[in-house]
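Here's the structure we're looking at; comments come further down.
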Amino acid sequence: MTAPTRPPLATLDAVLERLTYVNEETGYTVARVATERGSDLLTVVGALLGAQPGETLRLRGRWSSHPRYGRQFEVDSYTTVLPATIQGIQRYLGSGLVKGIGPVFAERIVAHFGLDTLRIIEEEPARLVEVPGLGPKRTAKITAAWEEQKAIKEVMVFLQGVGVSTSLAVRIYKQYGDASTDVVIKEPYRLAADVWGIGFKTADTIAQAVGIPHDSPQRVMAGLQYTLSEATDNGHCYLPEPDLIADATKILDVPADLVTRCLDDLVADEGVVRETLRAAGGQPVQAVYLVPFHRAEQSLANSLRRLLHDRADRLPHFGGVDWTKALTWLKARTGNDLAPEQEQAVRLALTSKVAVLTGGPGCGKSFTVRSIVELAAAKKAKVTLVAPTGRAAKRLSELTGHPAATVHRLLQLRPGGDASYDRDNPFDVDLLVVDEASMLDLILANKLVKAIPPGAHLLLVGDVDQLPSVGAGEVLRDLLAAPVIPRVRLTQVFRQAAQSGVVTNAHRINAGRPPILRGLPDFFLFACDDTDATAELTVDVACARIPAKFRLDPRRDVQVLTPMHRGPAGAGALNTLLQQRLTPHRENQPERRMGGRVFRVGDKVTQIRNNYDKGQAGIFNGTLGVVTALSAEEQTLTVLTDEDESIDYDFDELDELTHAYAMTIHRSQGSEYPAVVIPLTTSAWMMLQRNLLYTAVTRAKQLVVLVGSRRALAAAVRTVGAGRRHTALNHRLT
């Protein structure tokens with residue numbers, strides 16, 4: 001029996017009308033296109049990532065017949081070409097591909113110049129002022145945008161030949177301009193360091209395409225730095241040298257002795273730092289750091305020691321205060337007695353230069369902080385309150401009655417990430433209180449502590465049993481492990497809090513005991529064993545059942561928190577389903593596609609990288625917001641953040657945003673929501689850990705709904721989190 005022959009290769013010229021499906025991970029796309037030959041739209045499928053509606057495409061591929069969807073064109077490759085018909089030119093210009101031209105001006109320009117339009121923009125752009133309503137300012141803008149598009153297109157043609165997507169090609173061009181092709185050919189590994197969104201693997205693919213040898217020292221050194229960078233993304237500050245060599249050898253697929261030689265060269269070139277440390281059991285370990293993390297860890301330890309041992313004291317009144325009198329005054333002020341543990345914490349914060357306050361939900365951390373602030377303010381002390389996120393800062397301000405800022409705003413970070421405040425220009429503060437300190441990563445903690453003046457007091461408040469920071473380090477845990485740092489742990493759950501099912505079950509989960517699932521008004525399980533059905537049920541609970549029963553707004557008050565990003569019940573898939581329910585596609589409403597995501601006005605979004613160049617003091621990984629405007633003409637999307645700041649994004653910056661109807665539990669740290677819905681499936685087996693579930697449950701103020709498998713829930717409660725991160729802060733402090 002002969003195998004069926006494949007259809008011959010064919011070429012199809014068409015205008016991309018709309019993208020009906022895009023898989024963000026694979027780039028597989030289903031799209032509808034218009035051709036000159038027929039009035040009906042055709043279906044094309046394949047790798048079209050980067051193509052935008054309105055573009056005229058030359059598609060190479062094969063015709064096929066799908067049993068359900070009928071005749072379609074399977075795309076192997078594509079290039080963009082300029083349209084040649086009046087209708088095509090108008091659609092192309094009006095689609096927002098050229099900044100400064102929207103549908104209205106596109107119609108006017110084409111009505112005036114006809115088929116000559118694109119030649120005029122290319123060769124005689126000054127003539128655009130002939131079009132009614134187009135003044136010199138907009139004409140100049142259109143001309144500049146056209147030139148940039150042309151330059152990017154040239155770079156793109158080259159980059160597509162070496163396997164780079166359109167959106168990354170735009171970033172490469174913005175970074176290097178006309179030198180882009182040169183950098184890509186001669187120094188492809190530079191891309192991983194310089195261009196956000198390009199990691200070592202993409203740079204390695206490009207390097208291979210431009211002929212850099214597999215065992216080139218340039219490649220191996222870049223691979224070592226990439227291995228360390230991956231480790232910092234996983235929370236480690238360093239890697240033990242044997243681990244680094246083993247991991248890099250596996251990633252690079254080269255002999256270990258070559259990796260060892262290149263590591264020695266990298267240390268000699270000061271590309272990384274190697275230091276002998278004492279591990280937990282007293283054994284020496286050869287630690288290898290990326291330079292910024294080594295500097296930050298040393299600097300943070302030195303700053304904390306300096307604060308602890310400084311003879312100056314900016315809260316001198318509390319050295320000899322009559323505590324009975326002070327606490328009586330405090331009770332009259334707040335109307336409540338302090339428990340013995342709370343009283344100990346109040347005294348410690350006001351007499352010790354560095355102190356840590358930890359404890360679970362309902363144990364009175366907030367009231368303790370309020371008491372400390374009241375007493376310090378009564379003595380006219382300069383008190384500053386900060387938290388790592390906008391939501392946490394708002395909550396801290398509400399609880400204490402004092403203004404609170406985010407750490408980033410307090411530091412006034414400048415483009416590039418340097419802080420306006422540091423050791424040479426410290427804050428004017430007597431007492432600095434940092435809430436949600438479990439979220440503080442090494443780099444941010446170092447910037448903050450460095451800027452505290454001699455004699456000032458630092459109080460770090462947080463729940464050490466929650467997940468550690470998204471960034472590298474375990475600052476709160478390391479401080480609690482260092483005997484030199486004074487601390488108080490609150491353990492007593494107050495009566496009012498004990499009546500909450502959320503608080504009760506958070507403590508049960510943290511102790512490794514299963515949560516109570518019957519008879520509570522604020523904690524529920526909807527059991528479901530099938531992963532796909534769990535995803536559908538999660539969406540229904542968040543969008544319909546909770547709003548109906550508890551009168552909560554599904555977008556503002558309900559947050560879906562999931563253990564992982566991928567899979568049917570992961571944040572990626574759930575965001576698509578939740579967006580379809582809460583912000584569906586509407587005809588004549590603007591929207592913009594970026595990879596596998598489509599952005600619409602009203603979307604709940606979150607920032608996924610630190611960008612020091614945006615907003616008043618940068619915008620940071622984890623910042624939440626709502627899309628308030630979208631302009632195809634200006635190619636911008638506007639987000640109102642939860643710090644009430646309006647931020648504009650160019651369309652080619654949209655890979656810095658992702659939808660936040662559902663988010664991973666890691667990304668939810670420091671935020672609180674009236675209601676939290678948590679899908680738990682056995683497909684997330686590797687992520688089912690106690691501190692993950694505990695963190696998710698403690699994000700809820702009023703209501704927790706678990707959706708999914710009882711077996712997955714039992715596994716999460718039973719499984720103690722992964723091992724400690726590789727950090728040496730407590731070693732440096734002691």
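The values are calculated or read from the model by the stated rules, or taken from the named source; none is laboratory data. What you are looking at is a predicted structure, and each value in this text was computed from that prediction instead of being measured. Counting neighbours? That spans all protein chains shown, and the Cβs are built from the backbone with ideal geometry, glycine included. Please note that ligands, DNA and RNA were not included when accessible areas were found on the heavy atoms of the full protein model with its side chains. Shrake-Rupley method; radii C 1.70, N 1.55, O 1.52, S 1.80 Å.
Tell me, what is the FRET efficiency for residue 549 and residue 331 to the nearest 0.05, using R0 = 45 angstrom and their Cβ-Cβ distance as r? Here the calculated transfer efficiency is 0.70.
Considering only Cα atoms, the convex hull volume of the stretch 494-610 works out to 173 Å³ per residue. The P(r) of the stretch 365-502 has a tail past 21 Å containing 45 percent of all C-alpha pairs.
To the nearest µm²/s, what D does Stokes-Einstein give for the chain at 10 °C and 1.306 mPa s, using the Kirkwood radius over alpha carbon pairs as Rh? Using the Kirkwood radius from Cα pairs, D works out to 55 µm²/s.
On the beta carbon distance between residue 295 and residue 122, with R0 = 41 Å, the FRET formula returns roughly 0.25. According to the square roots a ≥ b ≥ c of the eigenvalues of the Cα gyration tensor, what is the shape class of the stretch 490-544, taking rounded for a/c under 1.5, prolate for a/b larger than b/c otherwise, and oblate for the remainder? Verdict is prolate for the stretch 490-544. Subtracting the Cα-Cα distance of residue 174 and residue 313 from their residue separation scaled by 0.36 nm leaves 45.0 nm. Computed over the chain, the per-residue total of -39500 (n - 2.57) for DSSP H runs of n ≥ 4 gives a 222 nm mean residue ellipticity of -11500 deg cm²/dmol, rounded to 500. The residue among 272, 248, 335 whose Cα reaches farthest toward the positive pole of the charge dipole of the chain, with charges on the beta-carbon of Lys, Arg, Asp and Glu, is 335. Taking a straight line from the alpha carbon of residue 99, these lysines sit under 28 Å away, with near neighbours fewer than eight places off in the same chain left out: 137, 141, 150, 153, 174, 604, 614.
Given a Förster distance of 41 Å, report the FRET efficiency between residue 306 and residue 540 from their Cβ-Cβ distance, rounded to the nearest 0.05. Once the sixth-power term is evaluated, E becomes 0.15.
Taking every protein chain into account, the accessible area of the chain amounts to 45 square angstrom per residue (probe 1.4 Å). Ellipsoid fit via the Cα gyration tensor, the stretch 612-734: semi-axes of 33, 22, 14 Å, each the root of five times an eigenvalue, largest first. Based on Cα contacts under 8 Å between residues 6+ apart, the stretch 1-147 shows a relative contact order of 16 percent.
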